[in-house]
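Below is one structure, written out as structure tokens; the observations come after it.
The values are calculated or read from the model by the stated rules, or taken from the named source; none is laboratory data. Everything quoted here is computed from the prediction, not taken from an experiment. Every residue, glycine as well, gets a Cβ built from its backbone with ideal geometry; the counts of neighbours run over all protein chains shown. The accessibility values were calculated without ligands, DNA or RNA, using every heavy atom of the protein model including side chains. Shrake-Rupley method; radii C 1.70, N 1.55, O 1.52, S 1.80 Å.
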Amino acid sequence: VVSTQSTWGVSIMSAGPIGLAYDAEKAKAGMQETWQTLQALQHTVAGDLDAAGAHAAVQSYRKLPSFQVNWAIIGVEEAHAQQVADQVRDRLNAANARLGSNCLPLPRAFGAH
């Protein structure tokens, strides 16, 4: 049996039929880490970014989940988290445009449409 762990608490075990096991503590820790990353990005983009700062922030933003996540497990409202993520994305896109970056506009995080 081979088992892999994701940051969000899902184990995928294989050797025959694929099974999933949910680890609530690992999921909570992963979501807290994601929230802290998002808050750090919000703080970072609040000021004027130079090219290096914008590049680092874009790389960090791209590591956020591109799928829907369950914010309730850490007591954060989904709408608030998405609003913060959208503000970060918008500021990064504006900074990239201001700095003349050829970076494509960043998509919305967390599977938002």
Exercise for review: Residues being hydrophobic (A, V, I, L, M, F, W, C), closer than 23 Å to Lys28 by Cα and either part of a helix (DSSP H, G or I) or in contact with a strand residue (DSSP E or B) (Cβ under 9 Å, 6 or more places away or on another chain) (or both): count how many of those fall in the range 66-95.
Suggested key: 9
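Report the residue count in the range 96-106 for those that are within 16 Å of Val45 (Cβ to Cβ) and either part of a loop (DSSP other than H, G, I, E, B) or open to solvent by less than 60 Å² (accessible area, probe 1.4 Å) (or both). Show your work before the answer.
Looking only at the range 96-106, we keep the residues that are within 16 Å of Val45 (Cβ to Cβ), and these are 96-99, 101, 103, 105-106.
The next check asks that each one be either part of a loop (DSSP other than H, G, I, E, B) or open to solvent by less than 60 Å² (accessible area, probe 1.4 Å) (or both); those that pass are 96, 99, 101, 103, 105-106.
Looking only at that region, the number is 6.
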Check your understanding: Hey, does the range 49-62 have a residue that's at pLDDT 95 or above and either outside any helix (DSSP H, G or I) or aromatic (Phe, Trp, Tyr) (or both)?
Key -> yes
Check your understanding: Within the range 39-51, how many residues turn out to be over 12 Å from Leu92 (Cβ atoms) and open to solvent by less than 60 Å² (accessible area, probe 1.4 Å)?
Key -> 2
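In the range 71-85, what count of residues is obtained for those that are of a type outside the set (Gly, Ala, Ser) and either loosely packed, with under 13 Cβ neighbours inside 10 Å or in contact with an Asp or Glu (Cβ under 8 Å, 6 or more places away or on another chain) (or both)? Break it down into steps so the answer makes sense when it comes.
If we filter the range 71-85 for residues that are of a type outside the set (Gly, Ala, Ser), which is where we start, we get 71, 73-74, 76-78, 80, 82-84.
Subsequent filtering for residues that are either loosely packed, with under 13 Cβ neighbours inside 10 Å or in contact with an Asp or Glu (Cβ under 8 Å, 6 or more places away or on another chain) (or both) retains 71, 77, 80, 83.
Of the residues in that region, 4 qualify.
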